[in-house]
1. Can you tell me the accessible area per residue over the chain, all protein chains present, probe 1.4 angstrom, in square angstrom?
2. For a protection proxy built on the mean count of beta-carbon atoms within 10 angstrom, sort 91-100, 60-69, 39-48 highest first, please.
3. Could you pull out the GluC sites (Glu not before Pro) across region 79-134 that fall in loop regions by DSSP (anything but H, G, I, E, B) with no more than 13 other Cβ atoms inside 10 Å?
4. Can you tell me the Rg and Dmax of region 30-73, counting just the alpha carbons, in angstroms?
5. Report the charge-dipole magnitude of region 91-134 in Debye, nearest 20, computed about the Cα centre from +1 at each Lys and Arg Cβ and -1 at each Asp and Glu Cβ.
6. Report the far tail of the P(r) of region 1-40, meaning the percent of Cα-Cα pairs longer than 11 Å.
7. So what is the 222 nm mean residue ellipticity for the chain from helices alone, if each DSSP H run of at least 4 adds -39500 (n - 2.57) and you divide by all residues, rounding to the nearest 500 deg cm²/dmol?
8. For region 30-134, which semi-axes, largest first and in whole Å, follow from the square roots of 5 times the eigenvalues of its Cα gyration tensor?
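The values are calculated or read from the model by the stated rules, or taken from the named source; none is laboratory data. These numbers come from a predicted model, not from an experiment. As a convention, Cβ positions derive from the backbone with ideal geometry for all residues, glycine included, and neighbour counts pool all protein chains shown. Areas reflect the complete protein model, heavy atoms only, side chains present, ligands, DNA and RNA absent. Shrake-Rupley method; radii C 1.70, N 1.55, O 1.52, S 1.80 Å.
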Amino acid sequence: MKELPAAIQMISVAETPLNPSECPEKVRAALENVFDNSIVETRHGRVIGRAIGCESLNTIYEQVRSRAALGVLRKALIRNRTMDSTWFLLNKQAAAAGTVAIVEHKDESPLGAIKITIECDDLDTVIDWLSPAT
């Protein structure tokens, strides 16, 4: 895995709704399956994970390459960018199985998507690291 320069400071947040029909532990586990080394909490009907550094995105980094989903991820990162922040969505059911599946719209994940938000002063470098142009 290609490493980001050590000087890059990045904060990432993963969050997803906790539906009344869902087991909080299973939703928490789904988020932890795809969002590594994060502090996860449940509050106000949402499961939220927070992390500092690129390590939280390692599973996503590896799986988007093995699934040839780089183009979809890159398009989402660029489309959803605002200054030093961007975001993309993952399918919650796939995450429960430990699989990273990028979705373009929250409606593509019936129980709600996992939204990953990335904040960084050098966002271009992070986007190129996570999903290089093909």
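1. Each residue of the chain exposes 53 Å² on average to a 1.4 Å probe.
2. Details: 91-100: 18.6, 60-69: 15.7, 39-48: 13.4.
By packing density, highest mean first, the sequence is 91-100, 60-69, 39-48.
3. Numbers: sites: Glu104, Glu108, Glu119; in loops: Glu104.
Answer by residue number: Glu104.
4. In Å, with Rg to one decimal and Dmax whole: 12.1, 35.
5. Numbers: 3 positive and 8 negative charges, 78 e Å.
In total the dipole reaches around 380 debye.
6. Details: 556 of 780 pairs.
Considering region 1-40, 71 percent of its Cα-Cα pairs are separated by more than 11 Å.
7. Working: 5 runs with 43 residues, N = 134.
One gets -9000 deg cm²/dmol as the mean residue ellipticity at 222 nm.
8. Working: eigenvalues 78, 51, 37 Å².
After scaling each eigenvalue by five and taking roots: 20, 16, 14 Å.
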